[in-house]
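Quick note: the coordinates plus some simple rules give every number you see, no bench work behind them. Keep in mind the model is a prediction, meaning the values are calculated, not measured. Virtual Cβ from ideal backbone geometry, glycine too; neighbours counted across all protein chains shown.
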Amino acid sequence: MSENWQDKAAVDLMLDDLETWAVVGLSGDTSRTAHSIAALLQQRGKRIVPIHPDAPVVLGEQGYATLADVPFDIDVVDVFRRSEAAGQFVDEAIEVGAKAIWLQLGVIDEAAFDRAREAGVPMVMDTCPAIEWNRR
């Protein structure tokens with residue numbers, strides 16, 4: 001594991017300063033981790049934006065099929081997808097001008113991490129906001 005993957009400054013920026021979190025893979029399935037983490041984000045004062053092909057309303061927020069469909073600025077793109085699928089969403093996050101990218105616990109794509117950093121977009125991976133809030 002690279003220590004850069006959970007850079008404290010990047011984690012602090014996302015948890016403390018950035019408000020609108022697009023949650024890739026968030027559906028209405030309450031048994032999924034994405035649902036419980038999205039609820040936690042809301043409890044911590046964040047606005048969540050479900051990103052799912054079905055574009056469901058989740059936790060009271062309208063979903064969108066893709067990041068490009070979101071008609072307002074996204075601060076953080078939080079990716080709940082398998083590692084092999086994550087790079088596409090990192091690239092889309094960079095394209096739509098997201099301020100930061102978060103790959104969840106167990107989601108690792110070193111090449112995508114490098115692309116985000118080269119684009120000047122802070123990124124963390126292989127951790128979870130719940131874990132990071134509990135470390136404080």
Handout entry: Alpha carbon Rg of the chain, scaled by the compact-globule rule 2.2 N^0.38 Å
Key = 0.93
Completion exercise
Rounded to whole angstrom, the alpha-carbon centroid of segment 119-136 lies from that of segment 62-115 at a distance of 13
Practice task
Note the full-extension length gain between residue 95 and residue 73 as 0.36 nm times their separation in residues minus their Cα-Cα distance, in nm to one decimal.
Solution key: 6.7 nm
Problem - Label-point separation in nm, residue 7 to residue 134, each point 7 Å along Cα→Cβ - result: 2.6
Practice task
Note down the nm distance, to one decimal, between modelled labels 7 Å out along Cα→Cβ at residue 66 and at residue 17.
Solution key: 3.0
